[in-house]
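Here's the structure, in structure tokens; my notes come after.
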Ligand code: GLP
């Protein structure tokens, strides 16, 4: 793993955006794995800036998001589909039909997960952006005794619902289920960029990067991948 600690959030955002733009400039039909949460927002802002400066075009790019809440449709402001349109897709030249998220409203979630895995198998991810949950989750792969390889529906842990409640009107509105790419699918990406900020994540960053490889810290599985770039701000990296 290559770990870079940045003095400021802006530097981290610019570096991560640069990695993604470089990938697309090298390979105009690149497949990007994308993440949500508060951490990537600044990265997406920077990508939009690079696009506006005509330093990159996404016309040939395909994207796959990590996860989506069960029960939220793309026009629900709390859905990850809405988030992606708001922060990235509506500002760049990517054709809508080249952007993919799991459909959290599918009647048959099992079939939806297989459909997503089939698409991923046909279009392997070149660069996967990841954030880190306070309990070590990546995507919505929660800590447990076993991790699932492919896309699957998950029950969200109370701590994850609480952490994400800030985006909802009330705790009751936070869905208790999500569909997420599995750790196996995430690890298939050629390059993984893990971006983490804030002192509240310093502990879990240390566990994930330097602790034992264990399903109780899903992000620790990243230690088994050949090309992971970890981008931290000073606070998130303070225990390393
Ligand atoms: C959610 C997402 C994760 C993300 C995590 C951390 O749970 N499913 O993909 O990494 O939030 O988000 P934040 O960056 O807001 O701390």
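Bear in mind these aren't lab numbers, they're just calculated from the coordinates by the rules spelled out. Predicted model, so just to flag it, every value in this text is computed and none were measured. Neighbour counts are summed over all protein chains in view; Cβ atoms, including those assigned to glycine, are modelled from backbone coordinates with ideal geometry.
Here's the yes/no breakdown for (1) out of contact with any strand residue (DSSP E or B) (no Cβ under 8 Å at 6 or more places or on another chain); (2) without any contact (Cβ under 8 Å) to a residue 24 or more places away in the chain; (3) farther than 19 Å from residue 195 by Cβ:
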| site | (1), (2), (3) |
| --- | --- |
| 55 | yes, no, yes |
| 67 | no, no, no |
| 70 | no, no, yes |
| 75 | yes, yes, yes |
| 80 | no, no, no |
| 97 | yes, yes, yes |
Requested in this report: Tell me, please, whether a residue that is within 16 Å of the ligand (Cβ to nearest atom) and under 30 Å from residue 239 (Cβ atoms) can be found in the range 83-96.
Outcome: yes
Query - the range 83-95 - residue that is loosely packed, with under 15 Cβ neighbours inside 10 Å and in contact (Cβ under 8 Å) with a residue 12 or more places away in the chain and, of those, nearest to residue 125 (Cα to Cα) - result: 95
Query raised in the report: Quick one: how many residues across the range 125-140 are more than 7 Å from the ligand (Cβ to nearest atom) and outside any loop (DSSP other than H, G, I, E, B)?
Result: 3
Query raised in the report: Picking from 180, 151, 191, which residue would you name as being within 10 Å of the ligand (Cβ to nearest atom) and under 14 Å from the mean Cα position of the chain (by Cα)?
Result: 180
Query raised in the report: Does residue 100 satisfy the condition of being in contact with a helix residue (DSSP H, G or I) (Cβ under 7 Å, 6 or more places away or on another chain) and either farther than 25 Å from residue 233 by Cβ or more than 16 Å from the ligand (Cβ to nearest atom) (or both)?
Result: yes
Report summary line: Selection from the range 209-237 of residues within 21 Å of residue 184 (Cβ to Cβ) and part of a loop (DSSP other than H, G, I, E, B) yields 211, 212, 213, 214, 215, 216, 217, 225, 226, 227
Report task. Sort through 211, 133 and tell me the only one that's closer than 29 Å to residue 21 by Cβ and either surrounded by fewer than 15 Cβ atoms within 10 Å (Cβ to Cβ) or in contact with a helix residue (DSSP H, G or I) (Cβ under 7 Å, 6 or more places away or on another chain) (or both). Result -> 133
Query - Sole residue being touching a residue at least 24 places away in the same chain (Cβ under 8 Å) and either in contact with a helix residue (DSSP H, G or I) (Cβ under 8 Å, 6 or more places away or on another chain) or crowded, with 23+ Cβ neighbours inside 10 Å (or both), chosen from 220, 216 - result: 220
Requested in this report: Please verify whether the range 93-109 includes one or more residues that are under 30 Å from residue 162 (Cα atoms) and in a helix (DSSP H, G or I).
Outcome: yes
